[in-house]
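A.B. asks: There's a structure below that I have some questions on.
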Amino acid sequence: MINRIAILGTGLLGTSVGLALRSAGFRGVIAGWNRGPEHAELALSMGAIDSAAADPIEAARAAEVTVLAVPIFATIDFMERFAPVLGPDQLVTDVGSTKRIISECAARIYNNPDRAGFLPGHPMAGKERGGAALADANLFRGVVWLFTPDPQAKLSPRGAELAADWRTLVAAMGAKTLDLDAARHDELVAWVSHLPQFTATALSALLEEEVSDAPELKDVGGRALREMTRLGSSPWSMWRDIAMTNTEAVERALLALEQRLAHLRENLRTPELREQFEQANKFRRDQ
């Protein structure tokens, strides 16, 4: 059983984890920390955490499970800082959107009987904007929470127990769990998460240049425009580390999309266009 959790990063995901844990009936202590303390104080006022920690290392030392809900490079930095000071009776996990670099770091400095355990995780949940104010206790309900455990990992008995208990808590939050190889994870999310984001970013930036000053835009732009550009409001700070840690997979997906768009452009007056619509409709029906 887990009794003490530290959430480092009380933005949208971290604060939602705290709220979801409480909604699921978790009765233990939850400490929170954020680089900008106002977000930790907001999470505290919302009931997502029991205390706002002043120091992330001390918060992790006092916890059985530490949840890293910060950008990917900050996650790596915390992993390296925590490894020498945490023990085999503790577990660290994360919610990062790319997993290969995090899993490689975990294999190097965690997951042996003398060190803390590390369970790489990624809930397929979020919003186009971040911040504790947008946190939601139901954010993970019905979504998939991916894990990329190392099959060669040799956690301590307590570390393995904590990993199993954390999975149980994730399920109690309403998420479905699925294990994937880290490289396979990054390949898949490049297609289903990162490509939609960069497509929406490109489209929104293009529209800003081409028609943003059109006085008729609010009247002409309807549901299609809103749905296609919703992700265009996602912040650079959230996506910088994803672009830098999953570059090759995102490049392949973007190149494939560029080629498909060129194919559509070249076939606007041919029956091939209908075939593309039929293929797109089939994908939607099968989901």
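The values are calculated or read from the model by the stated rules, or taken from the named source; none is laboratory data. Given the structure is predicted, the values throughout are model-derived calculations rather than measurements. Counting neighbours? That spans all protein chains shown, and the Cβs are built from the backbone with ideal geometry, glycine included. We work out accessible area using only protein heavy atoms, side chains counted, and drop any ligands, DNA or RNA first. Shrake-Rupley method; radii C 1.70, N 1.55, O 1.52, S 1.80 Å.
A.B. asks: Once you have a ≥ b ≥ c as the square roots of the Cα gyration tensor eigenvalues for region 153-248, tell me rounded if a/c is under 1.5, and otherwise prolate or oblate according to whether a/b is larger than b/c. Show your work: numbers first, answer last.
C.D. replies: Working: a/c = 3.71, a/b = 2.44, b/c = 1.52.
The shape class here is prolate.
A.B. asks: Looking at region 60-140, I'd like the Rg to Rh ratio, where Rg is from alpha-carbon atoms and Rh is Kirkwood's inverse mean 1/r.
C.D. replies: Here Rg/Rh amounts to 0.99.
A.B. asks: Checking the cross-link filter: which aspartates and glutamates have an alpha carbon closer than 18 Å to that of K282, excluding same-chain neighbours under 8 positions apart?
C.D. replies: K282 reaches E272.
A.B. asks: Using only Cα atoms, find the angle between the long axis of helix 157-172 and the longest principal axis of the chain, and express it within 0 to 90 degrees, rounded to the nearest 10.
C.D. replies: Relative to the chain, helix 157-172 is tipped by roughly 50 degrees.
A.B. asks: For region 44-146, which trypsin sites (Lys or Arg not before Pro) are in a loop by DSSP, counting at most 15 other Cβ atoms within 10 Å?
C.D. replies: Passing both the DSSP loop test and the Cβ count: R129, R141.
A.B. asks: If each DSSP helix of 4+ residues adds -39,500 (n - 2.57) and the sum is divided by the residues in the chain, what number results at 222 nm, nearest 500 deg cm²/dmol?
C.D. replies: The per-residue figure over the chain is -15500 deg cm²/dmol.
A.B. asks: If you average 1/r over all unlike Cα pairs in region 193-277 and invert the result, what Kirkwood radius do you get in angstrom?
C.D. replies: 14.8
A.B. asks: Okay, moving on. Please work out the FRET efficiency for the pair L264 and R108, using the Cβ-Cβ distance as r and a Förster radius of 51 Å; give the result to the nearest 0.05.
C.D. replies: Once rounded, the FRET efficiency stands at 0.70.
A.B. asks: Follow-up. What is the helix-to-structure angle for 72-82, meaning the angle in degrees between its Cα long axis and the longest Cα principal axis of the chain, kept from 0 to 90 and rounded to the nearest 10?
C.D. replies: 10
A.B. asks: So if R0 is 22 Å, what FRET efficiency would K282 and E208 give, r being the distance between their Cβ atoms, rounded to the nearest 0.05?
C.D. replies: E(calc), rounded to 0.05, equals 0.10.
A.B. asks: Can I ask one more? Which Cα, out of A40, I2, A54, lies furthest along the positive dipole direction of region 1-137 (beta carbon charges, K/R +1, D/E -1)?
C.D. replies: Sorting the options by dipole projection puts first I2.
A.B. asks: In whole Å, largest first, what are the principal axis extents of the Cα atoms in the chain?
C.D. replies: Between the extreme Cα coordinates on each principal axis of the chain lie 65, 42, 31 Å.
A.B. asks: Not counting ligands, DNA or RNA, and with a 1.4 Å probe, what is T199's accessible surface area in Å² rounded to the nearest 10?
C.D. replies: For T199, the solvent-accessible surface is approximately 40 Å².
A.B. asks: Using only alpha-carbon positions, what ratio does the radius of gyration of region 1-145 give when scaled by 2.2 N^0.38 Å? Don't skip to the end; give the middle numbers.
C.D. replies: Values: Rg = 14.0 Å, N = 145, 2.2 N^0.38 = 14.6 Å.
So region 1-145 has a normalised radius of gyration of 0.96.
A.B. asks: Could you give the Stokes-Einstein D for region 109-216 in µm² per second, using the C-alpha Kirkwood radius, 20 °C, 1.002 mPa s?
C.D. replies: 128
A.B. asks: Label L178 and D136 with points 7 Å out from Cα along Cα→Cβ: what is the distance between them in nm?
C.D. replies: About 2.0 nm, to one decimal.
A.B. asks: Sticking with this one: Using alpha carbons only, how many angstrom separate the centre of region 1-67 from the centre of region 169-234?
C.D. replies: 28
A.B. asks: Given an 8 Å cut-off on Cα distances and at least 6 residues of separation, report the relative contact order of region 8-148 as a percent.
C.D. replies: 29
A.B. asks: Would you kindly state how much longer the chain becomes between A256 and M244 on full extension, computed as 0.36 nm times their sequence separation minus their alpha carbon distance, in nm to one decimal?
C.D. replies: Here the answer is 2.4 nm.
A.B. asks: Out of S193, G159, Q259, whose Cα points farthest toward the positive end of the dipole of the chain (charges: +1 Lys, Arg; -1 Asp, Glu; placed on Cβ)?
C.D. replies: G159
A.B. asks: Something else now. Scan around T177 for amide H atoms under 5 Å from its own, H built in the peptide plane at 1.01 Å from N, and keep only partners 5 or more places away or cross-chain.
C.D. replies: W145
A.B. asks: If amide hydrogens are placed 1.01 Å from N in the peptide plane, which non-local residues have theirs closer than 5 Å to the one on A137?
C.D. replies: It is none; the list stays empty.
A.B. asks: Using the Cα centre of region 1-84 as origin and beta-carbon charges of +1 (Lys, Arg) and -1 (Asp, Glu), tell me which of A63, F82, A20 is placed farthest towards the positive end of the dipole.
C.D. replies: Value computed over the given set: A20.
A.B. asks: Using the Cα centre as the reference, give the magnitude of the dipole from point charges on the C-beta atoms of the chain (Lys, Arg: +1; Asp, Glu: -1; all else neutral), rounded to the nearest 20 debye.
C.D. replies: For this selection, approximately 720 debye.
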